[in-house]
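The values are calculated or read from the model by the stated rules, or taken from the named source; none is laboratory data. Just so it is clear, the model here is predicted, and its values are computed rather than measured. Don't worry about glycine lacking a Cβ; one is built from the backbone with ideal geometry, like all the others, and counts go over all protein chains shown. Surface accessibility is based on the protein's heavy atoms, side chains included, excluding ligands, DNA and RNA. Shrake-Rupley method; radii C 1.70, N 1.55, O 1.52, S 1.80 Å.
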Amino acid sequence: EGIYVVDLDTRDIQQLGGYKDGYGEVQFSPNGQFIAYTTFDSETGNDQVFMMRNDGSAHIRISPLGTDCDRYILTADNRMGIVCIPTDRYGDVTDGKPTFYDVHLNEGKVEGTQKISEAEFYNVFSEK
């Protein structure tokens, strides 16, 4: 499995990496420079949010370790909102309460991550 991009002019197809556990929830950043995606980590039993450049380079983990994250949204102002469920080291959900994160990005790198309230998350990252 992998993520593929197609050049609409030449119709060339390029595979961007490939994880043994596959991909899901693939989304281009609003400026088209980066691709965010989720992948299942079979070692931890968790879904994780990653980001890479649009050429397939520079894969970085966005979601915090010890969480199961499969919902996120990218914004045009270099922010990403992530909803995660805390898990134990075996990937089992602990208390089941979601944690909301506001991730600040710069040139495809994480500049900062902070926990925010559910209300703030939906205020900042609500789809309009």
Out of (1) open to solvent by 80 Å² or more (accessible area, probe 1.4 Å); (2) in a strand (DSSP E or B); (3) at pLDDT 80 or above, the one Phe40 does not meet is (3)
For residues in the range 43-62 being without any contact (Cβ under 8 Å) to a residue 24 or more places away in the chain and open to solvent by less than 30 Å² (accessible area, probe 1.4 Å), which is farthest from Lys109 (Cα to Cα)? Gln48
Would you confirm whether any residue within the range 17-24 is at pLDDT below 85 and of a type in the set (Lys, Arg)? yes
How many residues are in a loop (DSSP other than H, G, I, E, B) and of a type in the set (S, T, N, Q) if we restrict to the range 43-87? 6
